[in-house]
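Values in this text are rule-based calculations from the coordinates and carry no lab data. Given the structure is predicted, the values throughout are model-derived calculations rather than measurements. Cβ sites come from the backbone with ideal geometry, for glycine too, and all protein chains shown count toward neighbours.
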Amino acid sequence: MDNVGIVVEDLTAVIDFFAELGLELEGRTMVEGAWAGRVTGLGDQSVEIATMRTPGGDGRLELSRFISPAVVADHRRAPVNSLGYLRVMFEVDDIDDTLSRLGTHGAQLVSNDVVRYENVYRLCYLRGPEGLLIGLAQAIG
């Protein structure tokens, strides 16, 4: 996998959130013109894109803010049993510390608990900026 794409409204706030989670900003640029629309099927477009790399460089998030054409749908607050892409899951060293740090960026647990899956993981889902659904997993032991 090369990257997961997420469309956002406030690119700076979302970059700050994922930086707090430990991702590093690789770059931020504008992608404009009909050539890009040939890939997406949207025609002439103007999109600001930021690419963030996970620690170790194994994965990336591509964050996109569409200037034109305008965003036509909003699925960010859909419940976890909705069809389509669900969430991005990150493994963290300390889930409690991570939740505390992400809380300063407005993150909130989807439920009130961090749950334990056998003796393997502590897990939770949270909503980050703009309602983005993120999963956290901390290995136990």
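Observations on the model:
- Computing percent of Cα pairs over 18 Å apart directly from the structure and comparing it against (i) 59; (ii) 51; (iii) 56 singles out (i).
- Each Lys and Arg contributes +1 and each Asp and Glu -1, all at the Cβ; summed about the Cα centre of the chain, the dipole is approximately 360 debye.
- Gained length - Met1 relative to Asp94, 0.36 nm times residue gap less alpha-carbon distance: 30.9 nm
- Pair Val31, Arg101: separation of 7 Å Cα→Cβ label points (nm): 2.8
- Working from Cα pairs under 8 Å separated by at least six residues, relative contact order for the chain is 22 percent.
- Sum of side-chain charges, Arg65 neighbourhood, beta-carbon under 9 Å (Lys, Arg +1; Asp, Glu -1): -3
- Cα centre as origin, Lys/Arg/Asp/Glu Cβ charges: the stretch 88-139 dipole, Debye: 160
- Table column - 3J(HN,Hα) (Hz), the stretch 53-60, Karplus curve with 6.51, -1.76, 1.60, x for Gly and Pro: 9, 6, x, x, x, 7, x, 9
- Placing unit charges on the Cβ atoms of the charged side chains and taking the dipole of the chain about its Cα centre, the candidate lying farthest along the positive direction among Ala50, Gly103, Trp35 is Trp35.
- The separation of the stretch 105-141 from the stretch 19-86, counted between C-alpha centres, amounts to 22 Å.
- Prolate/oblate/rounded call for the stretch 79-141, Cα gyration tensor, a/c under 1.5 rounded: oblate
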